[in-house]
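The values are calculated or read from the model by the stated rules, or taken from the named source; none is laboratory data. Remember, predicted model here, so these are calculated numbers, not experimental data. Here the Cβ positions follow ideal geometry from the backbone for every residue, glycine too, while neighbour counts run over all protein chains shown. For accessibility, only protein heavy atoms count, side chains too; no ligands or nucleic acids. Shrake-Rupley method; radii C 1.70, N 1.55, O 1.52, S 1.80 Å.
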Amino acid sequence: MTTPSDAPTMDPRPAGRGRSEHLIRTRILEAIFERRLAPGEKLTEDRLAELFGVSRTVVRQALARLAQDGIVEQHPNRGAFVAAPSRTDACHVMAARAVVEPEVVRVAACGCGAQGLERLRRHIRQEDEVRAADDRASLVRLTGEFHVVLAEVAGNPVFVRLLTELQALSSLSILLYARGERSACPPGEHGAIVAAIARGEAEEAARLMRAHIAHVAADMELSEPPERAEGLAQALGFTTRARPPR
């Protein structure tokens, strides 16, 4: 798997600590959206400081912010790691999305102007182009970003922060628990949601979003696996019997 440390480096030349922290967070989130950073992968402070040309203090603050959002896990004496959501965590993420995102599209349908609609349609065209080109990494990123773009079009910065966090956690959950090879949103559903928004049909847009999130959740194996076998005999299907006394 390609990670940002393996890819050609870019010189971000950040100006100011706040911008530096934001850039680090943004690049880590992009790598998660594109499945270039896997759950449980270590984020080394020294390497990140070298890549971004900043101090370890700036890196530490960026990672702390991501940890507050649940996207990074920090362990004493071990460092920072990309979060690895449990199945329960993944269920909680999808439940939160099922509450928040229908309201996002409802708001967008009631107040989305021509500029916002064009932005959504342009995003759908980009999804269609990379799907036709079989550009899997870009498709995964764009289908995840679509939900954040919806929040931006709705005009509520709190929605934007929530959806950015929820999409990152969804991406990690899909990496861990996806059924088969599907790793992006089902084709056609984003376009149907945008069409309902364009018609001003708030309730229909919300219904489509609920169905869409249900489809995404259904493509993950979120039921807890059976309890692990106790010993080799049970794992291999043998019935355990009491040993006869000697």
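Can you confirm whether His92 is in contact with a Phe, Trp or Tyr (Cβ under 9 Å, 6 or more places away or on another chain), assigned to a helix (DSSP H, G or I) and not acidic (Asp, Glu)? No. Answer with yes or no whether Asp128 is surrounded by 15 or more Cβ atoms within 10 Å (Cβ to Cβ) and either of a type outside the set (Phe, Trp, Tyr) or not in a helix (DSSP H, G or I) (or both). For Asp128, the condition - surrounded by 15 or more Cβ atoms within 10 Å (Cβ to Cβ) and either of a type outside the set (Phe, Trp, Tyr) or not in a helix (DSSP H, G or I) (or both) - is met.
State which residue is farthest from Ala84 (Cα to Cα) when the search covers only the stretch 34-70 and only residues that are among the small types (Gly, Ala, Ser) and under 16 Å from the mean Cα position of the chain (by Cα). If we take residues in the stretch 34-70 being among the small types (Gly, Ala, Ser) and under 16 Å from the mean Cα position of the chain (by Cα), then Ala67 is farthest from Ala84 (Cα to Cα). When residues in the stretch 91-125 are screened for being open to solvent by 40 Å² or more (accessible area, probe 1.4 Å), over 20 Å from the mean Cα position of the chain (by Cα) and in contact (Cβ under 8 Å) with a residue 12 or more places away in the chain, 6 of them pass.
Among the residues of the stretch 155-204, those identified as open to solvent by 40 Å² or more (accessible area, probe 1.4 Å) and part of a loop (DSSP other than H, G, I, E, B) are Gly155, Asn156, Arg179, Gly180, Glu181, Arg182, Pro187, Gly188, Arg199, Gly200, Glu201. Reported count of residues in the stretch 37-69, each being open to solvent by 30 Å² or more (accessible area, probe 1.4 Å), under 24 Å from Ile174 (Cα atoms), in a loop (DSSP other than H, G, I, E, B) and small (Gly, Ala, Ser), is 1. Would you confirm, using the coordinates I've provided, whether Arg136 is open to solvent by 60 Å² or more (accessible area, probe 1.4 Å), charged (D, E, K, R), at pLDDT below 95 and within 19 Å of Glu189 (Cα to Cα)? Yes; evaluated as a whole, the condition is true for this residue.
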